[in-house]
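Written below as structure tokens is the structure these notes are about.
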Amino acid sequence: MNTIARAPRSREMALPLEFERTEATATSAATTSPQGSIEQRIDTLDWFAVEEALNGYGCAMLRNLLSAQECDALTALYPRDDLYRSRVVMARHGFGRGEYKYFAYPLPALIADLRGALYPKLAPVANRWNEAMGIGVRYPAAHTEFIERCHAVGQTRPTPLILQYATDDYNCLHQDLYGEHVFPLQAAILLSEPDVDFTGGEFVMTEQRPRMQSRAEVVPLRKGDAVVFAVHHRPVQGTRGTYRVNLRHGVSRLRSGHRHTVGVIFHDAS
């Protein structure tokens, strides 16, 4: 029987975590405003709690990952067409309403830092998930090595993106796959403040287990918060062993205002 391995943890941290407690502990040591470099902030997160949430729900919140100033600076990049390789108007493709732009290489420094610092924390989780699901792929410790693997098979287009929504816009449930090599976790960071810049527009996930109805998860992000979540599927421990569940994510309809989000995807596109 396969079981879902977890990172070793101390006896004091061995009790199961409820989702609300997991949210609270998966935060930066700075509770009001992020301090230090992106790498330092990410190092201060409780990665045991993050993995508990990922194993239990397929997603984990990282509170206060970016400052309000960093969020505003990223939002201000949206009109800069020279920074992007493509623009997608969702309604033209049946993806929803709103639009998004994929960054071109070289990525803005903050986006590159987020990609490079989050990946090594998530690669061990991804490897444990693949082992539990009987998938032979293993991910290297450094993101640069994984990107070399992508580029070797023609996946050379960067996938980090920024999304823009206005009133009545939404994003249909989907998966960001893009090619042969897929890293099974990604992140989204909210750049706007709910109930100030916009209303509605919640981050939503659905999980489909075999022979069961879908389960929905709404993630209550604030400005500067990130959510890490499963791209495609994740392992779940059942009475007869480990099985895979299928996940999709999207954004509910905005009731008013404007909403911006950055998506950090770790594999490149073909």
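What whole-number value in Å² describes the accessible area per residue of the chain for a 1.4 Å probe?
Working: 12430 Å² over 270 residues.
I get 46 Å² per residue for this part.
Take the Cα atoms of the range 44-112, build their convex hull, and give its volume per residue in Å³. Walk me through the intermediate numbers first.
Working: hull volume 10.1 nm³, N = 69.
Expressed per residue, the convex hull around the Cα atoms of the range 44-112 is 146 Å³.
Residue by residue, what Karplus-based ³J(HN,Hα) values in Hz, rounded to whole numbers, does the range 160-174 have, using 6.51, -1.76 and 1.60 with θ = phi - 60° and x for Gly and Pro?
x, 8, 10, 10, 10, 10, 10, 3, 6, 7, 7, 10, 5, 4, 7
Counting alpha carbon pairs within less than 8 Å and at least 6 residues apart, what relative contact order, in whole percent, applies to the chain? Walk me through the intermediate numbers first.
Details: 571 pairs, mean separation 67.7, N = 270.
Here the relative contact order equals 25 percent.
Once phi is turned into θ = phi - 60°, what whole-Hz ³J(HN,Hα) does the Karplus curve with 6.51, -1.76 and 1.60 give for every residue of the range 135-142, x standing for Gly and Pro?
With the stated coefficients, the range 135-142 comes to 9, x, 5, 10, 9, x, 6, 9 Hz.
So what is the calculated 222 nm ellipticity per residue for the chain, using -39500 (n - 2.57) for each DSSP H run with n of 4 or more, over all residues, to the nearest 500 deg cm²/dmol? Could the numbers behind the result be given before it?
Values: 7 runs with 71 residues, N = 270.
-8000 deg cm²/dmol, from helical runs alone.
Accessible surface of residue 195 in the full protein assembly, 1.4 angstrom probe, to the nearest 10 Å²?
Only protein atoms counted, so the area is about 120 Å².
Order 82, 197 by their accessible area, 1.4 angstrom probe, all chains in place, largest first. Let's see the in-between values first.
Numbers: 82 110, 197 65 Å².
Output order, biggest surface exposure first: 82, 197.
Provide the convex hull volume over Cα atoms per residue for the chain, in Å³.
Value for the chain: 135 Å³ per residue.
Given the peptides 213-221, 139-147, arrange them by the average over their residues of other C-beta atoms within 10 Å, most packed first.
Numbers: 213-221: 13.7, 139-147: 16.3.
Packing proxy ranking, top to bottom: 139-147, 213-221.
Using θ = phi - 60° and the Karplus form 6.51 cos²θ - 1.76 cosθ + 1.60, what ³J(HN,Hα) does each residue of the range 245-256 get, whole Hz, x for Gly and Pro?
10, 9, 10, 9, 9, x, 10, 6, 5, 6, 8, 6
Can you give the FRET efficiency for residue 86 and residue 243, using 1/(1 + (r/R0)^6), R0 = 35 Å, r = Cβ-Cβ distance, to the nearest 0.05? The partial results should precede the final answer.
Numbers: r = 37 Å, r/R0 = 1.04.
Computed FRET efficiency for residue 86 and residue 243 comes out at 0.45.
Under a 1.4 angstrom probe, counting protein chains only, how are 137, 236, 196 ranked by accessible area, largest first? The partial results should precede the final answer.
On the way: 137 65, 236 15, 196 115 Å².
The residues order as 196, 137, 236, largest area first.
Once the piece of chain linking residue 151 and residue 130 is laid out straight, how much longer is it, given 0.36 nm per residue of separation minus the C-alpha distance between them? List each step's numbers first, then the result.
Numbers: separation 21, 0.36 × 21 = 7.56 nm, distance 2.16 nm.
Working it through step by step, the gained length comes to 5.4 nm.
Residue 104: net charge of surrounding residues, Cβ under 9 Å, Lys/Arg +1, Asp/Glu -1, itself excluded?
+1
Can you pull the semi-axes for the range 74-145, root of five times each eigenvalue of the Cα gyration tensor, sorted largest first, whole Å?
Working: eigenvalues 185, 70, 18 Å².
Over the Cα atoms of the range 74-145, the semi-axes work out to 30, 19, 9 Å.
When the accessible area of the range 191-270 is computed with all protein chains present and a 1.4 Å probe, what percentage of it is carbon and sulfur? Working shown, then result.
Working: 1700 of 3440 Å².
Exposed carbon and sulfur together represent 49 percent of the surface.
Would you mind calculating the gained length between residue 211 and residue 141 on full extension (0.36 nm times residue separation, minus the Cα-Cα distance), in nm to one decimal?
Working: separation 70, 0.36 × 70 = 25.20 nm, distance 3.58 nm.
Computed gain between residue 211 and residue 141 is 21.6 nm.
Could you order 223, 101 so the one with the most accessible surface comes first? Probe is 1.4 Å.
Values: 223 45, 101 10 Å².
Listed by decreasing accessible area, they come as 223, 101.
The values are calculated or read from the model by the stated rules, or taken from the named source; none is laboratory data. These numbers were taken from a predicted model, which means no experiment stands behind them. For neighbour counting, all protein chains shown are included, and Cβ atoms are generated from backbone atoms with ideal geometry for every residue, glycine included. Ligands, DNA and RNA are excluded from the accessible area calculation, which covers all protein heavy atoms including side chains. Shrake-Rupley method; radii C 1.70, N 1.55, O 1.52, S 1.80 Å.
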